[in-house]
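The values are calculated or read from the model by the stated rules, or taken from the named source; none is laboratory data. What you see is a predicted model, and the numbers here were worked out from it, not measured in a lab. Methodologically, a virtual Cβ is constructed for each residue, glycine included, from the backbone with ideal geometry; neighbour enumeration extends over all protein chains shown. Ligands, DNA and RNA are stripped out before the accessible areas are found, and what is left, the full protein with its side chains, is counted by its heavy atoms. Shrake-Rupley method; radii C 1.70, N 1.55, O 1.52, S 1.80 Å.
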Amino acid sequence: MTALGAQVTTLGDYLNAQRHLDRIDADALAAHVLEVGRAYLYTHPERDLGHEELARIDTLVAQRAAGTPLAYLTGHKEFWSLTLEVDTRVLIPRPETELLVEAALTRLKDGARILDLGTGSGAIALALAVERPDCSITATEHDPGALAVARRNAARHGCDIRFLQCDWFGDLDRQFEVILSNPPYIAAADPHLDSLSCEPRKALISGADGLDDLRIIVGAAPNHLTHQGWLLVEHGWDQAKRVRDLFRDAGFTALETRRDPAGHERITAGQIR
Ligand SMILES: C[S@@+](CC[C@H](N)C(=O)[O-])C[C@H]1O[C@@H](n2cnc3c(N)ncnc32)[C@H](O)[C@@H]1O
């Protein structure tokens, strides 16, 4: 017996019989295997599914039902206006990170130099590159696999981004008008990590309280910012006050924290004078 059941021979059968996944996931996996858009699924229910197609869908359905994120199964994820390639070397870009991009866009002067720390799939750097081609963007990442994904995404979208493999700021000696980061910020013992087991640990965990990397980034950023430059970071829903304290201790002013649609404080920005 397969995950789908024995009676599936057409696309319509598959969509009607699907009880293992929610409809969005079932549609996405069928569309991925058949290499069609979602509209095709509804307009071609009579489409025969060959043995090989059915076997491939079946395998993906089983993996999805076992908890593998949809984006790792299809190999892509929408972020901002972009379709990004993703695999298990990178964190799957999250919608709340678009708030970080929005907050940065309101602070970018013409021709600004931007630094994205821990670029992962390249999501933040690419979103800014397509919105503001007048700016120059540098993106750092310590994981070579993640950096390879980011480079592929930049090439796919024709974005000119300077990628560096290093530990946060590495030996960068230039200064930037805007620095952004969505660093790891989950505490090592956080029970939510169980539901994130497919994603890279180094993209998620940051010491006992989740703030080890934010301490490094906020503490070092003033040395890499121009006069009146901005640092913007994403953080956990319960970390905003501690992150604002880190910003103040490092000499930042004009602090602003933005909330996500659920009302949680998720993005903090500060200016160095
Ligand atoms: C939460 S993920 C964010 C990825 C991407 N910027 C995004 O928003 O989807 C954090 C990223 O920081 C990288 N990272 C972790 N520690 C780092 C370090 N010391 N130096 C540079 N990058 C690091 C991880 O490999 C991961 O890609």
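Structure notes:
- The value for the range 233-273 of Rg(Cα) / (2.2 N^0.38 Å) is 1.10.
- Förster-model FRET efficiency, 22 Å R0, GLU256 and LYS109, C-beta, rounded to 0.05: 0.80
- Rounded FRET efficiency, nearest 0.05, which uses the C-beta distance separating ASP190 from ALA65 and R0 of 30 Å: 0.75
- All aspartates and glutamates inside 18 Å of LYS202 as judged from Cα atoms, apart from same-chain residues fewer than 8 positions distant: ASP87, ASP116, GLU141, ASP143, ASP167, ASP190, ASP194, ASP212, ASP213, GLU234
- Å² of accessible area per residue within the range 11-66, as computed with a 1.4 Å probe and no ligands counted: 57
- Full extension of the segment from ILE24 to ALA39, taken as 0.36 nm per residue of separation minus the current Cα-Cα distance, would add 4.2 nm.
- Note on the chain: GNM, Cα springs under 10 Å; of THR106, THR88, THR140, the largest mean-square fluctuation is that of THR106.
- The Rg/Rh ratio for the range 139-249 is 0.98, where Rg is the radius of gyration of the alpha carbons and Rh is the Kirkwood radius.
- Accessible area of the chain belonging to carbon and sulfur atoms, whole % at 1.4 Å probe: 50
- Across the range 71-165 the C-alpha pair distances fall into 5 Å bins from zero in the proportions 3, 15, 28, 27, 19, 7, 2, 0 percent.
- Cα-Cα pairs of the range 76-272 separated by more than 32 Å (percent): 7
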